[in-house]
1. Quick one: residue 291 ticks every box in (1) touching a Leu at 6+ places or on another chain (Cβ under 8 Å); (2) under 29 Å from residue 327 (Cα atoms) except a single one, so which number is it?
2. Go through region 78-104 and report how many residues are assigned to a helix (DSSP H, G or I) and charged (D, E, K, R).
3. Consider residue 504 against the criteria (1) away from the ligand (no atom under 16 Å from the Cβ); (2) among the hydroxyl-bearing types (Ser, Thr, Tyr); (3) crowded, with 18+ Cβ neighbours inside 10 Å: it satisfies all of them except one. Which criterion is unmet?
4. Quick test of your reading of the structure: residue 43 fulfils all but one of (1) within 16 Å of the ligand (Cβ to nearest atom); (2) of a type in the set (D, E, K, R); (3) part of a strand (DSSP E or B). Name the failing condition by number.
5. Among the residues of region 127-160, how many are within 16 Å of the ligand (Cβ to nearest atom) and either buried (at least 17 other Cβ atoms within 10 Å of the Cβ) or among the charged types (D, E, K, R) (or both)?
6. If only one of 112, 124 is surrounded by fewer than 18 Cβ atoms within 10 Å (Cβ to Cβ), away from the ligand (no atom under 16 Å from the Cβ) and within 20 Å of residue 399 (Cβ to Cβ), which one is it?
7. Please work out if residue 75 is within 27 Å of residue 348 (Cα to Cα) and not charged (D, E, K, R).
8. Please determine whether any residue of region 388-401 is out of contact with any Pro (no Cβ under 9 Å at 6 or more places or on another chain) and either more than 23 Å from residue 151 (Cβ to Cβ) or among the polar types (S, T, N, Q) (or both).
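Here, each number is a calculation from the coordinates, and none is a lab measurement. These numbers were taken from a predicted model, which means no experiment stands behind them. Glycine gets a Cβ as well: all are built from the backbone with ideal geometry, and neighbour counts include every protein chain shown.
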Amino acid sequence: MTKEKHPSPTGGPVEAYDAVIIGAGVSGLYALHHLREMGLSVRVYDGATDVGGTWWYNRYPGARVDGPGSPFYCYTFSDELMQEWDWKETQSEQSDVLDYIEHVADRYDLRRDIEFETWVRDIRYDEDTQRWAVETDTGVRASARFLICAVGALSTANLPDIPGIGDFRGETYHTGRWPHEPVSFEGKRVAVIGTGSSGIQAMPEIAKEAAHVTVLQRTAQFAFPAGNRLLTPEDMAEARRDWEAVKAKMIANAGGFPFEMRASSALDATPEEREALYEKLWQKGGFGFFLNLYSDIAISEEANQSLADFVRAKIRQIVHDPETARKLLPDHFVMTKRPILENGYFEAYNRDNVSLIDLREDPIEHFTETSVVTRSGDHPIDMLVLATGYDAISGSMLRLNPQGRNGIRLADRWTDRFHNYLGLTIHGFPNLFMIHGPGSPGVFYNMPLGAERQMGWVGNLLRRLLERNLGAVEPSEESEKAWDDEVAALAGVTLFPRTDSWWTGANVPGKPRYFSVYLGGSIYYQRIADVAENDYPGFEFTPAPETPASQRA
Ligand code: NA7
């Protein structure tokens with residue numbers, strides 16, 4: 001199938017494709033590769049100047065993989081790719097991950113179908129032609145039968161609305177929009193707002209150079225030693241030795257990584273046994289900490305408390321000033337906000353040039369041109385780093401301003417819940433597919449592998465449409481409701497919904513407040529495979545209109 005140009009009813013030319021993909025990050029790149037292999041004409045739009053998505057944007061100092069890490073944060077579709085790419089560290093630096101993604105783009109010649117520096121600002125479905133109209137900020141307009149939204153679960157910056165923040169005249173950076181030019185902290189007084197993964201990674205690096213760093217903390221966090229280490233040639237050889245078996249393990253694992261998880265309960269161990277396990281894992285560091293934990297840490301309050309107490313004791317041990325240590329002690333259930341891997345975060349508070357303001361005791365009142373003013377007084381600063389996170393999971397979808405059948409707006413449908421079916425599709429939005437959207441395992445799963453598996457499923461559904469000459473597919477409202485219940489039931493047995501986090505939408509004022517991630521990646525992939533095998537219950541198919549698709553731009 002080929003790309004065609006047709007005149008647009010409003011003037012400029014409209015480029016017509018079988019599929020448009022929004023986003024050239026980890027998911028969008030795989031989607032492009034997959035749909036190309038199917039023989040479809042595809043165009044990708046991305047606002048950045050190159051591939052990488054979140055790895056292109058997040059260039060703040062200290063940015064690293066903070067998941068299970070290399071070498072398994074990778075695509076699995078190509079054995080050659082695995083064999084030829086050598087990862088340097090277990091917790092790869094941002095630039096290393098970006099190198100890998102760029103290598104994938106080169107190797108599969110992906111850039112030729114990507115239009116960079118092109119923001120999609122509007123997507124509209126036309127029921128008569130069964131096509132999506134895509135409007136961009138550069139004036140490029142496209143039409144496509146299928147729309148793949150690979151827009152990232154963590155890409156719409158959450159900018160705090162604090163009185164006077166716009167008046168501050170010093171340099172201001174959001175960690176997720178970090179400049180490409182080097183940023184110098186030398187001799188500067190820097191305020192960092194936010195103590196999630198980004199703030200906790202960035203602060204110790206900034207403190208090495210800055211005159212002073214003031215951390216403005218809203219919620220104290222549990223953070224664990226990253227245990228980053230170099231990967232040796234032997235490590236890589238071992239990872240590749242039986243790649244087929246490794247892949248099988250990744251597929252079987254709940255999080256998409258080739259690790260065994262401990263099945264036993266913390267409550268079956270004595271306090272001494274628990275302490276010994278936590279200490280062993282703490283000394284080793286890395287995401288393995290969480291994978292090797294007791295299976296009920298995020299389920300049982302008592303089990304949770306045993307780990308929370310252990311980490312709080314560690315914080316007290318590491319941080320010399322008792323008052324600072326007190327402010328750093330988290331009081332939520334451990335693991336129920338995104339667990340954080342740190343590289344010298346707590347130690348950094350022992351430096352003379354780092355201080356902490358607990359916003360619960362001493363809230364920000366406003367900014368001036370040269371300072372941040374909290375209840376206790378004025379703190380002169382030269383630079384403001386906003387490590388304030390994202391309108392996660394749903395924000396990037398809504399930013400596309402989607403309008404489905406009959407002009408229905410996604411913003412109007414997603415006021416109370418992020419209604420969806422299988423975390424992939426939305427009623428009223430035919431032939432639109434989300435990768436890592438709400439209702440999917442998304443951020444709880446190995447992102448490259450998850451993108452491959454979701455796209456594999458989407459590809460099969462598209463094949464069904466094409467082979468049977470069907471025009472469009474969308475889920476029923478009932479199936480969305482049932483899916484929502486399923487997501488809620490899985491979350492309901494855990495402690496996750498009981499803590500305010502970006503997983504529950506609590507970090508963005510006015511957002512629906514519920515835990516919208518499908519817990520249990522392996523169950524999820526079995527579920528969606530079953531739906532495909534049973535001929536797509538929960539979906540409604542519409543016949544293709546008379547006119548051939550190629551003339552329906
Ligand atoms: P996170 O994890 O959402 O962290 C954002 C931090 O910013 C967190 O400490 C927030 O406090 C804080 N925050 C947000 N808004 C404000 C305002 N208005 N005032 C003060 N503090 C605020 O984002 P990250 O970028 O660190 O990490 C995102 C993910 O990227 C991470 O989980 C990894 O998966 C990779 P809160 O906890 O909401 O009280």
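1. Only one criterion in (1) touching a Leu at 6+ places or on another chain (Cβ under 8 Å); (2) under 29 Å from residue 327 (Cα atoms) is unmet by residue 291, namely (1).
2. Residues that pass the stated criteria total 6.
3. (1)
4. All conditions are met except number (1).
5. Within region 127-160, residues that are within 16 Å of the ligand (Cβ to nearest atom) and either buried (at least 17 other Cβ atoms within 10 Å of the Cβ) or among the charged types (D, E, K, R) (or both) number 7.
6. Testing whether each residue is surrounded by fewer than 18 Cβ atoms within 10 Å (Cβ to Cβ), away from the ligand (no atom under 16 Å from the Cβ) and within 20 Å of residue 399 (Cβ to Cβ) leaves just 124.
7. On the way: within 27 Å of residue 348 (Cα to Cα): no; not charged (D, E, K, R): yes.
The answer is no for residue 75.
8. Narrowing region 388-401 to residues out of contact with any Pro (no Cβ under 9 Å at 6 or more places or on another chain): 389-392, 395-396, 398-401.
Retained after the next criterion (residues that are either more than 23 Å from residue 151 (Cβ to Cβ) or among the polar types (S, T, N, Q) (or both)): 396, 401.
Yes: one or more hits.
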